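The values are calculated or read from the model by the stated rules, or taken from the named source; none is laboratory data. Keep in mind the model is a prediction, meaning the values are calculated, not measured. Neighbour counts are summed over all protein chains in view; Cβ atoms, including those assigned to glycine, are modelled from backbone coordinates with ideal geometry.
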Amino acid sequence: MQESARGSAILITGATGSIGLEIAARTAAEGAVVGVHGSRPESVGGALEKLRRRVPAGQFVPLPADFRENGAIAALVEQFVADAGRLDGVVDCALGGPSGTLREARERFERDYVASVLQHHRGRMGDAAQALGIERTNLYRKIKQLNIRWTAD
């Protein structure tokens with residue numbers, strides 16, 4: 001039995017490519033708010049035009065971001081959460097040039113994501129830990145492990 005995406009907020013990286021675009025269309029058709037990521041504003045705009053033709057009632061959040069830039073992932077996640085109200089899932093279809101090992105890429109994503117959640121919750125550790133689905137003590141450990149530096153607004 002397939003679970004519906006209705007009411008979810010799903011971020012799709014690389015949504016401007018053929019696979020990402022198809023996933024974005026199907027996810028929006030199921031009723032999710034869909035974050036449409038691409039590396040350039042022009043490509044995101046083109047993808048949005050196609051998606052709106054296919055799913056006129058779809059809810060889309062445009063998210064141009066070049067993941068090669070430091071902090072781009074954290075800013076993208078923060079923008080999506082601000083616009084959609086939350087983040088329920090990520091589908092990674094981005095085909096950017098690989099940089100480093102898989103372990104290093106995972107660590108960069110995890111660092112940016114945790115920092116973004118901390119920023120969103122203005123440093124309230126209990127709220128941030130709950131949003132991340134981890135215990136507060138594990139959040140402190142992650143911050144130290146990933147060498148996260150953040151400031152509360």
Residue in the range 41-66 that is surrounded by the most Cβ atoms within 10 Å (Cβ to Cβ), counting only those that are without any contact (Cβ under 8 Å) to a residue 24 or more places away in the chain and part of a helix (DSSP H, G or I): L48
Some residue of the range 97-107 being of a type outside the set (V, I, T) and either touching a strand residue (DSSP E or B) at 6+ places or on another chain (Cβ under 9 Å) or part of a strand (DSSP E or B) (or both): no
Residue in the range 121-144 that is part of a helix (DSSP H, G or I), surrounded by 12 or more Cβ atoms within 10 Å (Cβ to Cβ) and either modelled with pLDDT under 90 or in contact with a strand residue (DSSP E or B) (Cβ under 8 Å, 6 or more places away or on another chain) (or both) present: no
Those residues of the range 6-24 which are of a type in the set (A, V, I, L, M) and not in a strand (DSSP E or B), in sequence order: A15, I19, L21, I23, A24
